[in-house]
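Only the coordinates and a few stated rules stand behind these numbers; no lab work does. Every value quoted in this text rests on a predicted model; they were computed, and no experiment measured them. Because the Cβ atoms are built from the backbone with ideal geometry, glycine has one as well, and the counts that use them run over all protein chains shown.
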Amino acid sequence: MIKEKEVIIIGGGAAGLAAAVACKQKGIEDILIVERGDYLGGILNQCIHDGFGLEKFNTSLTGPEYAQRYIDQVKDKKIPFLLNSMVVNMTPQKEIVVINNNGLAHYQAKVIILAMGCRERPRGVISIPGARSSGIYTAGVAQELINLKNYMVGEKIVILGSGDIGLIMARRLTLEGAEVITVAEKLPYSSGLPRNLNQCLYDFDIPLLLSHTVIDIKGNGRLSGVTIAQLGKRGGIISGTKRKIACDTLLLSVGLIPENELSREAGIALDNITGGPQVDERGQTSIPGIFACGNVLQVHDIVDNVSLEAEYIVEGVTEFLERKLTKEQEIKLELGNGLRYVVPQTLYRLKDTIFSFRVNQPGRKKILLFEEGRRLIKKKSLPRVNPAEMVRVKLTSSELAGLKTLKVRLV
């Protein structure tokens, strides 16, 4: 038996919860959230540090507090949700198969919102040679063990990668009494937010070694040490810079991967850089009626932007259900110098549109230019740019009117 739903949201984290609440506020009644975890809120539940909600709620909240504000709204609005439920199949016709303790369930949706989030890159992806010892964790797994399960992961810690979770865990482990010996980053700049660098490393006198990486792991059973080395401008190891560090724990904070196995299976076109679906200006993927938001679309650095993006794409969801989401004209986006990616990748409707970018490298006093040929459409001055910080710019419908192409570049 196939159960029909108007909107099915896959994922009950920050994006899924915000999308569900926004759908309800738009008058959509037949909604179902499908969450594979034990509880709503996703990764926010293990992020017990504060700093969430500054943009969305104008106050500093912990991760669980931020999630609870949306969970309360979901429950108050009586939006149905399934926990411990895994979507194991999704078709281009918007059919999904869900498995949980009750067995298999088949659903047919008019709209599917993808909000599956992202996962951490493990050791195998970055191919660190050496022993297969215990004591090697991704930073998020270590965070879950300490914050949710009260399990201390180690005493002498080396962290590889300066992503935000790794920086936050450097502080967390220090507060729990561990010694964080160093944070090694292969890039010549940190991949975390400046505020986390200051609050999590510099305030605790934890060394950050830029242009360094782990090249060997030692340990019979438990990790006993790692070898780090400095990298040259072309990525090779600089002779004479190898150094052994005795430690019992290695945390990996080496990037996140959007969870798009279902998207790939359904035939949704993916972006090679973001790892998420290619979307139009309202988050609709290459399959009509399937939308994407949050970290499954592009990895965000601030959870407030995840929620705002989810709310933003719901306008397209409502227009699709009302059969008003027609293609007015196609505007191809071209990425110029200085930028790594842009979302959305294509425009079909001349409405106010928020663009998200990441730059290739840190810089100061930069200008973001929107152009059609030699004609300047808009420019935005950026006092400082950093690959760790997403740049968001809004273009109005009048600025987009009449365009056939749109080039974006950083100078």
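A simple spin-label model places pseudo-atoms 7 Å from Cα toward Cβ; at Thr227 and Ile377 they are separated by 5.2 nm. Could you work out the local net charge near Leu173, counting Lys and Arg as +1, Asp and Glu as -1, over the other residues with Cβ closer than 13 Å to its Cβ? Value of the local net charge: -1.
Return the lysines within reach of Lys94: Cα separation strictly under 17 angstrom, same-chain partners fewer than 8 residues apart disregarded; answer none if there are no such residues. Once the sequence-local lysines are set aside, what remains near Lys94 is Lys3, Lys5, Lys110. Spin-label model, Asp216 to Asn89: label points 7 Å out along the Cα-to-beta-carbon direction sit 5.0 nm apart.
Highest-first packing order for the peptide set 227-240, 286-299, 393-406 is 286-299, 393-406, 227-240, based on the mean count of other beta carbon atoms within 10 Å.
For Lys75 and Ser239, what does the FRET efficiency come to when R0 = 56 Å and r is the distance between their Cβ atoms, rounded to the nearest 0.05?
Efficiency at R0 = 56 Å is approximately 0.40.
The stretch between Phe204 and Lys332, if pulled fully straight at 0.36 nm per residue, gains 41.4 nm over its current Cα-Cα span.
Order of 9-22, 181-194, 53-66 by packing, highest average Cβ count within 10 Å first?
Per-residue mean Cβ counts within 10 Å order the peptides as 9-22, 181-194, 53-66.
Peptides 365-378, 87-100, 339-352 ranked from most to least packed by the mean count of surrounding Cβ atoms within 10 Å: 339-352, 87-100, 365-378.
Ile157 sits among other residues whose Cβ lies under 12 Å from its own Cβ, and their net charge, with Lys and Arg +1 and Asp and Glu -1, is -1. Which of the aspartates and glutamates could a cross-linker span from Lys218 if the Cα-Cα distance has to be under 13 Å and same-chain partners fewer than 8 positions apart are dropped? List returned: Asp248. If we count every other residue with Cβ under 11 angstrom of Asn100's Cβ, Lys/Arg +1 and Asp/Glu -1, where does the sum land? Every neighbour counted, the sum reads 0. Glu265 to Asn101: FRET efficiency via 1/(1 + (r/R0)^6), r the Cβ-Cβ distance, R0 25 Å, to the nearest 0.05? The formula returns an efficiency of 0.60 here.
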